[in-house]
Amino acid sequence: MVTTYDSWRLFHGDGRQRPVEMPPAPPWRTFGPPETDGAPQDGPAPARPYLISPEHADVVNAALHLRRPMLVTGHPGTGKSSLARAIAHELDLGEVLHWPVNSRSTVQDALYRYDAIGRLRETALSRDRGEAEPPLGSFVRLGPLGTALVPGPMPRVLLVDELDKGDVDLPNDLLTVFEEGEFEIPELARLPEEQSVVDVLTERADERATVRRGRLRCQEFPVVVITSNGERDFPPAFLRRCVRLELPTPDEARLREIVTAHLGEDALDDVDRLLEAFLSRRSARQLATDQLLNAVFLRASGVDLSADGLLDAVLHRLGGVV
């Protein structure tokens, strides 16, 4: 059923309760398979379309052959973070491990976390009950970077998102791990020889990893996608060890391809004015491609985007004071 402008509103702001039926979500805002008999189904969410030019795909292939991290730059909304998911999907490498970087991020936290307080508490409780102490590995959990280095026949995909938001020393701290493909967990390295093999938790709830003599070393170097919004420069030593990929801002032709890939050919009907508005606003301020997709989706659902500044709310600027 096509939604009309008068009927598309779910929330009226008048305090009256009304039974509503939620409309279909945009394809990029669906999360996982539907439930069956009240229980969620296993399996990843459906893959989302990803468009990339042959020359940029070749850069990805170079990084895969060289086993080097990719440093992906470009304006917001050019598909930097989505590239990791596209690679994982095409190469059937499983779920992407995600490390969102902020000003407090450290390499150690991304490698592993040791719950010393939890171990003391559980050990005391076990002694009081006359039970054996819980294994040390139950209190060590690998982070996204540590999980990416768990050995296996195929590489894992790690997304290091917005590295430029981290501490100025963070890129240099990553160099040793990226060069050696291994790291040490001191809490396990100092255990006696008879306890040198320890199973620890990983970022994935259904997986454990075996650590021998306190060291974990990858078998295949992970596919590492590092994104940056260009907010600051990186050290030359770090840049030398990365394969650089700069994703361009999509032009009108590519925007039409993106709309078609996500919403189908019918979404291009009567979309010219929206594209014109998006392109004119993008030239004066920072806008992301997914903002255009949001506007096209609403327009295709019958929403009058010209009403009461609704288009301004969807195509709002991404930089500066809000």
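The values are calculated or read from the model by the stated rules, or taken from the named source; none is laboratory data. None of these values were measured; they are calculated from a predicted model. All Cβ positions, glycine included, derive from the backbone under ideal geometry; neighbour counts span all protein chains shown. Quick note on the areas: whole protein, heavy atoms, side chains included, nothing else; ligands and nucleic acids left out. Shrake-Rupley method; radii C 1.70, N 1.55, O 1.52, S 1.80 Å.
Does E220 count as among the charged types (D, E, K, R) and either more than 23 Å from L83 (Cα to Cα) or in contact (Cβ under 8 Å) with a residue 40 or more places away in the chain (or both)? Yes, satisfied. The helices (runs of 4 or more DSSP H) falling completely within the range 220-322 that include 3 or more residues that are open to solvent by 80 Å² or more (accessible area, probe 1.4 Å), more than 27 Å from M70 (Cα to Cα) and not assigned by the TED database to the domain that holds F178 map to 272-284.
The set of residues in the range 273-315 that are of a type in the set (D, E, K, R) and modelled with pLDDT under 85 comprises R273, R281, R282, R285, R299, D304, D308, D312. All conditions but one from (1) out of contact with any strand residue (DSSP E or B) (no Cβ under 6 Å at 6 or more places or on another chain); (2) surrounded by 12 or more Cβ atoms within 10 Å (Cβ to Cβ); (3) touching a residue at least 40 places away in the same chain (Cβ under 8 Å) apply to R213; the one that does not is (3). When you scan the range 126-141, do you find a residue that is in contact (Cβ under 8 Å) with a residue 40 or more places away in the chain, open to solvent by less than 50 Å² (accessible area, probe 1.4 Å) and under 19 Å from the mean Cα position of the chain (by Cα), even just one? Within the range 126-141, none of the residues are in contact (Cβ under 8 Å) with a residue 40 or more places away in the chain, open to solvent by less than 50 Å² (accessible area, probe 1.4 Å) and under 19 Å from the mean Cα position of the chain (by Cα). Any chance the range 177-190 includes a residue that's more than 30 Å from L239 (Cβ to Cβ) and outside any helix (DSSP H, G or I)? Yes, the range 177-190 contains at least one residue that is more than 30 Å from L239 (Cβ to Cβ) and outside any helix (DSSP H, G or I). Taking the conditions (1) exposed (fewer than 10 other Cβ atoms within 10 Å of the Cβ); (2) at pLDDT 95 or above in turn, A84 satisfies each one other than (1).
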